[in-house]
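Heads up, the thing below is written out as structure tokens.
The values are calculated or read from the model by the stated rules, or taken from the named source; none is laboratory data. All figures in this text were calculated on a predicted structure; none of them were measured in a lab. Note: ideal-geometry Cβ built from the backbone for every residue, glycine included; neighbour counts use all protein chains shown. With ligands, DNA and RNA removed, areas are computed over all heavy atoms of the protein, side chains included. Shrake-Rupley method; radii C 1.70, N 1.55, O 1.52, S 1.80 Å.
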Amino acid sequence: MQYTEIMVRYGELSTKGKNRKSFIDRLGFNTRESLHSFSKLVIKANRDRMHIQLNGEDSTAVMKRLKQVFGIQNFSPSVKVKRDVELVKQKAVEMIKEQFEEGATFKINTRRSDHDFELDTNEMNDLLGGYVLDNIPGIKVQMKKPDITLRVEIRSNGIFLSSKTINGAGGLPVGTAGKGMLMLSGGIDSPVAGYLAMKRGVAIEMVHFFSPPYTSEQALNKAKELTSKLAPFVGSIKFIQVPFTEIQETVKHDVPSGYLMTVQRRFMLRLATLIAKKREGLAIFNGEALGQVASQTLESMVAINDVTTLPVLRPVVSMDKNEIIEIAQEIDTFDLSIMPFEDCCTIFAPPAPKTRPRLDKARLYEARLDVDGLIERAMAGIKITEIKSDQKFLAETSDSFAELL
Ligand code: ATP
Ligand code: MG
């Protein structure tokens with residue numbers, strides 16, 4: 001079917017009263033960003049619906065992208081025909097035939113925003129229904145839960161037909177809930193946490209700690225490529241890399257091994273907080289899940305949260321690992337996450353981290369360090385890049401390695 005338009009239905013934002021207009025504006029903006037490579041599209045975000053005129057662009061490719069835009073409940077590819085009943089009849093039969101299988105049932109559902117049209121909705125339903133029955137042998141009418149529902153919309157600029165409703169990503173338009181920093185490692189959990197934050201409307205920026213020469217260029221590139229996997233949900237994402245070597249070496253040297261992890265995490269959270277404040281972030285997100293590893297306990301969260309006043313949000317906190325993995329597979333980060341490049345925490349992980357670290361001890365051990373100086377130097381070494389969808393980072397490095405050999 002050569003579709004001419006995609007009709008988009010909004011999700012939850014319709015319940016948000018006064019904010020409605022800004023939600024719709026944001027959704028329109030995000031959709032344009034996400035579809036910007038399809039240059040012929042015309043996108044109009046109205047109060048009730050969004051209309052995407054295809055102007056010859058490939059509807060399948062457009063819909064694939066559209067499925068990733070948060071704030072969309074569902075959408076229907078449709079065909080516009082002139083306001084001519086004969087043409088509508090032909091197109092209705094053509095459309096239903098495409099989906100028809102032996103014994104299938106159907107109904108016609110007409111809406112009319114243009115009340116000057118010669119037929120009202122009941123007349124249109126009857127006329128088209130009769131024509132379909134006459135022209136598709138074996139098809140039956142059924143009002144309740146038919147296999148095929150043909151929607152017909154009579155508007156002043158034409159008549160629009162659609163027979164498919166495709167689920168969108170749900171959630172809220174990214175950006176309507178403010179900005180947050182996501183602590184992104186190279187693991188499975190933090191990309192999923194980022195996805196879930198975006199789903200509820202938060203614009204995220206990635207904060208990644210790396211420790212050369214203990215961690216390789218590949219580990220850094222893996223985090224960047226994970227960012228690229230999440231970019232289609234928003235267009236592009238800022239990637240903030242923070243040098244962590246000096247802090248980790250110092251902590252390892254000066255802090256008893258049971259508190260290595262806790263103190264490292266406190267530094268990470270301090271840095272993430274400073275970055276958030278500089279960049280107007282309102283919260284910090286991470287991929288911690290309760291009980292998943294020794295360092296992810298409530299006691300540990302108490303000992304870590306101590307260094308910040310920002311909310312530290314953990315979208316996967318109560319999920320089982322297999323539930324997290326399921327989402328990671330859905331958003332296509334899983335295969336990348338399980339690639340074996342060591343990140344900074346694995347290398348500096350103590351053999352036996354305290355599962356119930358005490359806040360007073362964490363503070364005490366940390367007081368021996370030059371916290372301000374360490375933080376200042378790490379902040380001075382920050383590098384920020386903007387990452388778009390489909391950008392490849394791992395492949396690049398292997399190429400340049402090949403050249404060196
Ligand atoms: P993940 O799968 O996200 O790596 P994990 O179960 O391996 O999580 P940890 O390695 O203990 O758990 O990390 C817990 C959280 O701390 C991560 O989800 C992430 O948010 C943050 N974190 C860990 N390492 C880094 C890093 N190098 N840079 C940024 N954030 C990190
Ligand atoms: Mg990890």
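Couple of notes before you dig in:
- Expressed as a whole percent, the accessible area of segment 5-167 that falls on carbon and sulfur atoms is 46 (1.4 Å probe).
- Note that segment 162-167 has calculated 3J(HN,Hα) couplings of 8, 9, 10, 10, 10, 5 Hz, one per residue in order, obtained from phi through the Karplus relation 6.51 cos²θ - 1.76 cosθ + 1.60 (θ = phi - 60°); glycine and proline are x.
- GluC sites (Glu not before Pro) restricted to segment 17-125 and DSSP loop, no more than 12 other C-beta within 10 Å: 101, 102, 118
- Highest-fluctuation residue, 109, 122, 30 considered, GNM on the chain with Cα pairs under 10 Å: 122
- Net lengthening on full extension, residue 105/residue 278 (0.36 nm per residue, minus Cα-Cα): 56.4 nm
- Solvent exposure of segment 252-379 as accessible area per residue, Å², 1.4 Å probe: 51
- Sites residue 114 and residue 47 - FRET efficiency at Förster radius 22 Å, r taken between beta-carbons, to 0.05: 0.85
- Note on residue 216 and residue 1: with the Förster distance fixed at 41 Å, the Cβ-Cβ geometry gives a FRET efficiency of about 0.25.
- With every protein chain in place, segment 179-388: carbon and sulfur % of accessible area (1.4 Å): 54
- Averaged over its residues, segment 203-247 has an accessible area of 24 Å² per residue, based on protein heavy atoms and a 1.4 Å probe.
- Spacing of the modelled spin labels on residue 349 and residue 133, each 7 Å from Cα toward Cβ, amounts to 6.8 nm.
- A viscosity of 0.692 mPa s and a temperature of 37 °C, combined with the Kirkwood radius over C-alpha pairs in the Stokes-Einstein formula, give the chain a diffusion coefficient of 136 µm²/s.
- Computed from label points 7 Å out along Cα-Cβ, the spacing between residue 341 and residue 318 is 3.5 nm.
- The residues of segment 19-99 present an accessible area of 50 Å² per residue when probed at 1.4 Å with all protein chains retained.
- Full-stretch length increase - residue 147, residue 22 - with 0.36 nm per residue and alpha-carbon distance subtracted: 41.3 nm
- Over the chain, dividing the summed -39,500 (n - 2.57) contributions of all DSSP H runs of at least 4 residues by the number of residues returns a 222 nm mean residue ellipticity of -12000 deg cm²/dmol.
- Nonlocal amide H pairs with residue 141, under 5 Å, H built at 1.01 Å: 106
- Linear extension gain, residue 98 paired with residue 384, 0.36 nm per residue minus alpha-carbon span: 98.0 nm
- Virtual paramagnetic centre 7 Å along Cα→Cβ of residue 257, amide N under 18 Å, in segment 293-334: 294-295
- Among beta bridges identified by DSSP and lying wholly in the chain, the antiparallel ones come to about 55 percent.
- Surrounding net charge for residue 5, when Lys and Arg each add one and Asp and Glu each subtract one, Cβ distance under 12 Å: +2
- The value of relative contact order for the chain, using C-alpha pairs under 8 Å at least six residues apart, is 17 percent.
- All Cα-Cα distances of segment 179-388, cut into 5 Å bins from zero to the largest, leave 1, 8, 16, 20, 23, 18, 10, 4, 1, 0 percent in each bin in turn.
- Convex hull volume of segment 5-167 per residue (C-alpha atoms, cubic angstrom): 124
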